[in-house]
Structure formats: structure tokens, C-alpha cells
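First the structure, in the form of C-alpha cells, and then the observations on it.
The values are calculated or read from the model by the stated rules, or taken from the named source; none is laboratory data. Computed from a predicted structure; not experimentally measured. Cβ sites come from the backbone with ideal geometry, for glycine too, and all protein chains shown count toward neighbours.
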Amino acid sequence: MQPLIITIKQASATYPVYVGRDLLDEVGRLATPRGRVFVITSEALRARFGDRVAASFEPAADVIVVEEGESAKTLQNAERIVTALLDRGAKRDSMVVVVGGGMLGDTAGFAASIFLRGIDLVQVPTTLLAQVDSSIGGKVAVNHPRGKNLVGSFHPPRAVFSDTAVLRTLPPNELLSGLFEAMKGGVIADPVLFSLFEERHKEILALEPALVEELVERAIRVKAEIVSADEREADLRRLLNYGHTIAHGIEAAMQYRGITHGEAVAWGMIGANAVAVRRDVLEEAARQRIDATIRAYGPSRLPLLDPAAILAATEHDKKNTGSERIMVLPRRVGACEVFGVSDDDVRFGIDEVLGVASAGSE
């Protein structure tokens, strides 16, 4: 079966996103490297996927194994990747192929962006979250102790390969993480995508193949349209941060442990919806519809968190400009806008999230 090809047209690059089943063995044929190829993956993923991707190149690609997990998304690990590339003789015409989830894609992608001022990058995302979000658009970054993704670059890939067959290997929390990011795309710009989540809950969780491919395709098209129009997050691209303001605060308050990024975004969407109703941007009925769909998929419960710590972490949100806080709020399913908000607004959203989370744990 031929993969679906979605073309991303950004100001600095045009590249294909291949979507389909059993694409891992096709990466070498379709990626068209100019020089040596280096597959970067984790120890756990190497045996399952990394060696297959490396073997698809002729000659076979070198494999570099790195740590995985959000706590490893650091400048130090990016530097280790740069050192490994230097030790193995990588040059300006070399290509980095990242096989893994969003953390690996971000960290190794950032390393590729700074190695010799930037070498070719191919993303082979192995999680649903990475397939529908982080592998597309060219943003690569590592975390800083003061906030998530604060050190980064814009470095578009040469290609992205989203093999939906690998999603069956995901643990439940990683699957949910990606589902919530895809659902986010439905609220931002695709009511049909959101309705699929709302109406076909059991089939989605059962990973019905054709339905999963449709979800991935629709979520990618939402992001593709936005990043093609606004590569460097000047305005429109900020819509993709719906749910992320409070989500990043939650992740920082939890020290990036005990919750996946997508689950944090799910709670962040609930908080943003509360702020939207408070600001008379969203009708209560629409809020209840979105919140009910999110909660039907069961994001992980939150521990007891200090709302002040969450609020403090949101101060380092990249969307903020000057003294103004920026937050993405929905007007209805399929339409979001960027708003300037107050500390009181954000605090209200945080309190709403913690109240809902507490009620759900009783």
C-alpha cells in the first residue's frame, strides 16, 4: 500500500510527511541522503525499530544510542549527541535520522540543528504524540530548569515518516498522550476530527487501523496548514499551544515526572476552556462538550499540586510577550484565538483544573 503524502510548505523548506503502515523499511529508499547517515534512537527502541530503519539505507546507517525520557531532554544530552557525531566522523553532508518519540526528536533534532550549523534531519516518530505534533513544523528544543523547550531552534526536517503500525506497541499512557494532542487539533481547526473522538471512543482506543490513519492524517493536516502559514510562531502558529499554558506549568510543577505531555495538555485544555467561559469567549455548553470528551479518555489523575508553583512556571511560557501573558482560548469546536490574559485569568484556570482533578479522584 502506497503511503499518503502530506506536503509541508514552510518559508524555509518544503518537505513530505509520509503516513501509512509498515514504512520503517522504506525510509532509506525515500529519504535520499547526500552523505553518511546516523540513526539516533534509544536502547529500547533500537531493537524494535532503530536497526530496521538503519538497515533500510545502503550502506547501513550508523546507530547512536541515547537516553530517552523528558528528564533527558537537556543541553547536556544534546552536547553528547554532537560529540558522538564528531567521534564517528559526521560531516556537513551527513544526515541524522531520529527514530523515537517527541523527546528524542526534539533533543536529537536540536543537536542536528547546531552541529556544523545544521545538517539534514529526518524524523521517524514512533509515538502518536510525535506523529501528530512534535515531528512536524521544524521546532526542535531542549528543556531548561526554569521551563520547557526554552532552548531551541527552527530546523525543518527533510522528511517525516509516520508509520501507524508502530502505534500498537505503545503503552496506554503514551497512546493517550498522542490522542489528546490530536484532539487538540480538532478543537483548534477541525470539527470533524473532534467529532470522531466524541463519537468513536471505543474504536479509537482499540486502534482500528483505518480510523487511526484518518485521525493521524487529519491532525497532521491541521498542523501542516498552520505551520505552512506561520513558520516561526509570529501569530497563527501560536494556536497550536491551546492547552499548553497550564500544561507546561503542571509539567514543571511535577518536575516532568508522573504525567505525559499529552495528558498535561488535556488538563491544560480544561483550564483554558474555563478561562474562555469566564471571558465570555466560549459558551458553557461547548465547554461541557469539550471537557466531557477529554475526560472520557481518562487523563492521569494529578497529585496534590501548589497552584502558585504552576502559575510561577507559566511565567516562562514562550508565548508571552513583554509583560503580557498570552493564552489560546476556544470560541467553539473548530475555532480558537490568541488572547492577552491576566494573572487572575491563568490562576482561575489552574484552580479549575485542580478542582476538577480533585473531584475526579474522590
Inset, instruction - Could you list, in sequence order, all residues of region 241-266 that are surrounded by 24 or more Cβ atoms within 10 Å (Cβ to Cβ), in contact with a Gly (Cβ under 8 Å, 6 or more places away or on another chain) and hydrophobic (A, V, I, L, M, F, W, C)? - result: Ile246, Ala247, Ile250, Val265, Ala266
Legend entry - Residue under evaluation Gly89, criteria (1) of a type outside the set (Lys, Arg); (2) on the phi < 0 side of the Ramachandran plot; (3) without any contact (Cβ under 8 Å) to a residue 60 or more places away in the chain, criterion not met: (2)
Inset, instruction - Return only the number of the condition from (1) over 23 Å from the mean Cα position of the chain (by Cα); (2) modelled with pLDDT of 95 or more; (3) not aliphatic (A, V, I, L, M) that Ser323 does not satisfy. - result: (2)
Inset, instruction - Scan Ala252, Ala272, Ala276 and give me the residue that is under 17 Å from the mean Cα position of the chain (by Cα) and touching a residue at least 24 places away in the same chain (Cβ under 8 Å). - result: Ala252
Legend entry - Unique match (being modelled with pLDDT of 95 or more, closer than 13 Å to Met95 by Cβ and either surrounded by 13 or more Cβ atoms within 10 Å (Cβ to Cβ) or not hydrophobic (A, V, I, L, M, F, W, C) (or both)) among Val17, Val37: Val37
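Looking at region 174-209, which of its residues are basic (Lys, Arg) and closer than 16 Å to Ala286 by Cα? Explain how you work it out, then say what you get.
Filtering region 174-209 down to residues basic (Lys, Arg) leaves 184, 200, 202.
Passing the criteria: only Lys184.
Restrict the check to region 96-107 and report whether at least one residue is under 14 Å from the mean Cα position of the chain (by Cα) and surrounded by fewer than 24 Cβ atoms within 10 Å (Cβ to Cβ). Give the steps one after another, and end with the answer.
Just the residues of region 96-107 that are under 14 Å from the mean Cα position of the chain (by Cα), to begin with: 100-107.
Narrowing the set further to residues that are surrounded by fewer than 24 Cβ atoms within 10 Å (Cβ to Cβ) leaves none.
No.
Out of Phe115, Phe154, Phe194, which single residue is at pLDDT below 95 and either crowded, with 21+ Cβ neighbours inside 10 Å or closer than 30 Å to Leu85 by Cβ (or both)? If you could, list the steps in order and put the result at the bottom.
On the way: Phe115 fails: at pLDDT below 95; Phe194 fails: at pLDDT below 95.
Going through Phe115, Phe154, Phe194 in turn, just one is at pLDDT below 95 and either crowded, with 21+ Cβ neighbours inside 10 Å or closer than 30 Å to Leu85 by Cβ (or both): Phe154.
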Inset, instruction - Scan region 132-141 and give yes if some residue there is more than 16 Å from the chain's Cα centre (by Cα) and over 19 Å from Leu175 (Cα atoms), otherwise no. - result: no
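Can you go through Val39, Val19, Val53, Val27 and tell me which one is assigned by TED's automatic domain parsing to the domain that holds Val160 and out of contact with any Ser or Thr (no Cβ under 9 Å at 6 or more places or on another chain)?
Details: Val19 fails: out of contact with any Ser or Thr (no Cβ under 9 Å at 6 or more places or on another chain); Val53 fails: out of contact with any Ser or Thr (no Cβ under 9 Å at 6 or more places or on another chain); Val27 fails: out of contact with any Ser or Thr (no Cβ under 9 Å at 6 or more places or on another chain).
Val39 is the lone residue from the list that is assigned by TED's automatic domain parsing to the domain that holds Val160 and out of contact with any Ser or Thr (no Cβ under 9 Å at 6 or more places or on another chain).
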Legend entry - Residue check for Ala84: out of contact with any Pro (no Cβ under 9 Å at 6 or more places or on another chain) and assigned to a helix (DSSP H, G or I): yes
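Just to be sure, is Thr83 of a type outside the set (A, V, I, L, M) and in contact (Cβ under 8 Å) with a residue 12 or more places away in the chain? Don't jump to the end; show me each part of the working.
Working: of a type outside the set (A, V, I, L, M): yes; in contact (Cβ under 8 Å) with a residue 12 or more places away in the chain: no.
Criteria not met by Thr83.
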Inset, instruction - Would you check which residues across region 301-319 are at pLDDT 90 or above, within 17 Å of Gly258 (Cβ to Cβ) and either of a type in the set (Gly, Ala, Ser) or surrounded by 14 or more Cβ atoms within 10 Å (Cβ to Cβ) (or both) and list them? - result: Leu302, Leu305, Ala309, Ile310
